[in-house]
1. Across the stretch B:142-163, what is the number of residues that are free of Cβ contacts under 8 Å to residues at least 40 places away in the same chain and crowded, with 16+ Cβ neighbours inside 10 Å?
2. Would you check if there is a residue in the stretch B:39-59 being within 14 Å of chain A (Cβ to nearest Cβ) and within 30 Å of A:Ile190 (Cα to Cα)?
3. Please go through the stretch A:101-131 and pick out each residue that is of a type in the set (Gly, Ala, Ser) and within 24 Å of A:Lys80 (Cβ to Cβ).
4. Can you find even one residue in the stretch A:156-170 that is among the small types (Gly, Ala, Ser), in contact with a helix residue (DSSP H, G or I) (Cβ under 9 Å, 6 or more places away or on another chain), under 17 Å from B:Ala23 (Cβ atoms) and at pLDDT 95 or above?
5. I need the full set of residues from the stretch B:29-38 which are more than 8 Å from every other protein chain (Cβ to nearest Cβ) and within 14 Å of A:Thr158 (Cβ to Cβ), in order please.
6. Of all the helices (runs of 4 or more DSSP H) wholly in the stretch B:53-144, which have at least 3 residues that are within 30 Å of B:Thr193 (Cβ to Cβ)?
7. Which one of the conditions (1) over 15 Å from the mean Cα position of the chain (by Cα); (2) of a type in the set (A, V, I, L, M, F, W, C); (3) surrounded by 20 or more Cβ atoms within 10 Å (Cβ to Cβ) does B:Ala213 fail to meet, given that it meets all the rest?
8. Provide a single number: the residues in the stretch B:103-119 that are touching a Lys or Arg at 6+ places or on another chain (Cβ under 9 Å) and either modelled with pLDDT of 80 or more or among the basic types (Lys, Arg) (or both).
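The values are calculated or read from the model by the stated rules, or taken from the named source; none is laboratory data. Since the structure is predicted, the reported quantities are computational estimates derived from the model, not experimental observations. All Cβ positions, glycine included, derive from the backbone under ideal geometry; neighbour counts span all protein chains shown.
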Amino acid sequence: MKDTYMGVIVPASILLPIFFALVRWKSLTLERKILFWYLIMSGIINLAATLIGKYWHQNNMPLVHILTVLEVLILLRFYKKLLSHRKKNNLYFGIALFFITLCIVNALFFQSIYTYCSYTRSLAAILLMVFAMNYFAKVAAESEDIKIITFPEFYFNTGIFLYYSGAFILFIFSNFTLINIKSKDDFLIIWCFHASLIFLMNILFSIGFFYEFSNR
Amino acid sequence: MNLVTDNIFFLVLFDMIGTFILASSFIFFFLRYQRKIALQKAAMQKAEVEYSSQLLNATLLSQEDERKRIGRDLHDDVGASLSNLKMIMAQTVETDEAKIKYKPLIDNIITTVRTISHALSPPGLELFGFDYAVQELVDSFNIAGTIKVALNNSVGEKLDTLSKPTALALYRVLQELFSNTVKHANAKSIIITFLEQNNKVVFIYEDDGKGIALEENAATGMGMKNIEARLKMIHATHSISSSPNNGFKVTINVTYNS
């Protein structure tokens, strides 16, 4: 049951927001299109990781390293557009460059590409949580006549915020749990919770893409 | 030294759940805060609308009082003085030539003063009710003007049960509509209809004039603004239908006890 949930249902749930995004493609703004490409990228890497790990029995950790970098780069672009920081190009560019450098250094000297990159993944989570909070702060500051729950961006941001907040601890202790948790069931329960967070994020993304909110 | 026996599984799981709850709570409180701000803003807007509505009511009421006072003064003082003048002149002026010359002039002034006084404060409305006052207004318009006015009143004397402020407001609206038709419409006829629907009075005013483009003239003139203000005061609803060269029609719905 847990295998079906984590191996089929949750990975397949990514198709839902992708489908709604395609249905609404013509009306999608740039930031929503960026998020669509994030889903595509994430979907492909997860599929590849499953194929490599489950069917070819090879180590798929290098893909997690790639996923971490691409994820941050795409979501940085998303937040740059969402937060309308046109004048802060250098800041975003600097963060991106810094993060790529860190990932390379980490892979070369600290956590090999064949182990889980808990340092950079945790850092990515912190970075994205900060940007998500930034969006809430921006909305709170600008809340003149807006109904936040009618904004698709609210659902995208909430999805990102909840996923990275919930999974943050798991990213930090990922390698630690691998060694110290002896029971396979216990290990699966934790990753089941992680899968539920992904599922929740996909549902929130789907809501964001699906609804044509009219009462703004 | 005691050995730490904490289970890493529980620690990580509880941490994950805890952080997730923390993040969810943050979003929950954020949404509540947003809602609170929105409600406060809506309440403020409502209070502002109510205040401006009360201000408008007070202005219109004091305007009516002032009109009433001026109308009464004109009728009682100026009108009476002119009638006295006419009598004195009839008794003291000896030559027929002078009588022929001044009498029509004084008669004309008396008529004008009466018309102005009646327009300012329609006595028929207070004395005989709304039904009579409307009929009187229509008659005076038919006598004076080149526009033919037809009145269809299927409500009858029940119109007199309209509350005083409602009757006065509708009377003023009718005056304003007449004035608009004369000034702008170039119409040949006007039809006024009163009927009853769902215990409400429906008042329809239509002319066959040149009409207006509604999008361009949506309550831009003072006349239409006055009409809307008065209707708002008595909680009446209205709809206008008109287009260039197709006449003008306004339908007003009002309850008896507005």
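1. Residues meeting the conditions: 0.
2. For the stretch B:39-59, residues within 14 Å of chain A (Cβ to nearest Cβ) and within 30 Å of A:Ile190 (Cα to Cα): absent.
3. Those that are of a type in the set (Gly, Ala, Ser) and within 24 Å of A:Lys80 (Cβ to Cβ): A:Ser122, A:Ala124, A:Ala125.
4. Checked the stretch A:156-170: at least one residue is among the small types (Gly, Ala, Ser), in contact with a helix residue (DSSP H, G or I) (Cβ under 9 Å, 6 or more places away or on another chain), under 17 Å from B:Ala23 (Cβ atoms) and at pLDDT 95 or above.
5. The one that is more than 8 Å from every other protein chain (Cβ to nearest Cβ) and within 14 Å of A:Thr158 (Cβ to Cβ): B:Phe29.
6. The helices (runs of 4 or more DSSP H) meeting that bar are B:96-120, B:123-128, B:130-144.
7. (3)
8. 5
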